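Chemist: One structure, as structure tokens, below. Some questions next.
The values are calculated or read from the model by the stated rules, or taken from the named source; none is laboratory data. Treat the numbers as computed from the prediction; the structure is a model and nothing was measured. Note: ideal-geometry Cβ built from the backbone for every residue, glycine included; neighbour counts use all protein chains shown. Accessible surface areas use protein heavy atoms only, side chains included; no ligands, DNA or RNA. Shrake-Rupley method; radii C 1.70, N 1.55, O 1.52, S 1.80 Å.
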Amino acid sequence: MDLEEFDSAPTDRLRPALTACCDVPRWVDAILAKRPYGELAALTALADQVLRELDDDEVDRALQAHPRIGDRPRGASTEASWSRSEQSGVGDDTGVRQELAEGNRQYEDRFGRVFLICATGLSAEQMLGSLRERLTHDDATEAAVVHEELRKIALLRLSKVVTA
């Protein structure tokens, strides 16, 4: 939808689309509350600002809506469709998928959450390299990286909901 339609659409129509971008009610509510925007830059700026302010619990909540890298999300939901597209660089190589599965297990054991990366445009090798490198992070460094990756994904998805 374009920005004019976004600005005038009923809240109950927009809430699911925004939740698919980032499943944090405060973020969704903040975006809905400031309509109309009039300019895409204003919407993006507010979305970005609120994403930067998410606390650890909100980041953890949002992570629950994201599949593991290398898993093939099933279903017809918006989130599943976007995840399949975003992870298209994983490919079908069995060896790579096994390495990602093992890396995901190590990451989850180490950090207690799903490995999140803005995978759009990345190859499987790039994702694996980032996963391996991030396993060396301390908890605080990795928490900051996860927050940034979530921010990038949410803004990318918002650009799919609202076009210029």
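Chemist: Before we move on, is R52 modelled with pLDDT of 95 or more and more than 16 Å from L156 (Cβ to Cβ)?
Modeler: Here the answer is no, as R52 does not meet what is asked.
Chemist: Further question on the same structure: Considering only residues that are hydroxyl-bearing (S, T, Y) and over 18 Å from L155 (Cβ atoms), which ones fall in region 4-47?
Modeler: Correct list: S8, T11.
Chemist: Let me ask something else. In region 126-164, what count of residues is obtained for those that are free of Cβ contacts under 8 Å to residues at least 60 places away in the same chain, surrounded by 13 or more Cβ atoms within 10 Å (Cβ to Cβ) and over 26 Å from Q49 (Cα atoms)?
Modeler: Qualifying residue count, region 126-164: 5.
Chemist: Just to be sure I understand the filter: pairs with C-beta atoms under 9 Å, separated by 6 or more residues or on different chains, first member in region 11-35 and over 15 Å from Q64 (Cβ atoms) and in a helix (DSSP H, G or I), second member open to solvent by less than 60 Å² (accessible area, probe 1.4 Å) and among the acidic types (D, E). Which pairs pass?
Modeler: As it stands, the answer is R26/E58, since those pairs meet every condition given.
Chemist: For region 50-68, which residues satisfy the criterion of being surrounded by fewer than 11 Cβ atoms within 10 Å (Cβ to Cβ) and in a helix (DSSP H, G or I)?
Modeler: Passing the criteria: R52, D56, D57.
Chemist: Return the residue satisfying two criteria in turn: it lies in region 28-48 and is of a type outside the set (D, E) and under 14 Å from T11 (Cβ atoms), and of such residues it is most open to solvent (accessible area, probe 1.4 Å).
Modeler: Across region 28-48, the extreme among qualifying residues is K34.
Chemist: Those residues that are charged (D, E, K, R) and closer than 18 Å to L150 by Cα, I need them from region 1-47; list them, please.
Modeler: Passing the criteria: D23, R26, D29.
Chemist: Let me ask something else. Are there any pairs with C-beta distances below 6 angstrom linking a residue in region 61-72 that is at pLDDT 80 or above to a residue that is open to solvent by 10 Å² or more (accessible area, probe 1.4 Å) and not polar (S, T, N, Q), with the two at least 6 apart or on different chains, and if so which?
Modeler: Sorted first by the residue in region 61-72, then by its partner, the pairs are A62/D23; L63/R113; L63/V114; A65/D23; A65/E79; H66/V114; P67/P73; R68/V114.
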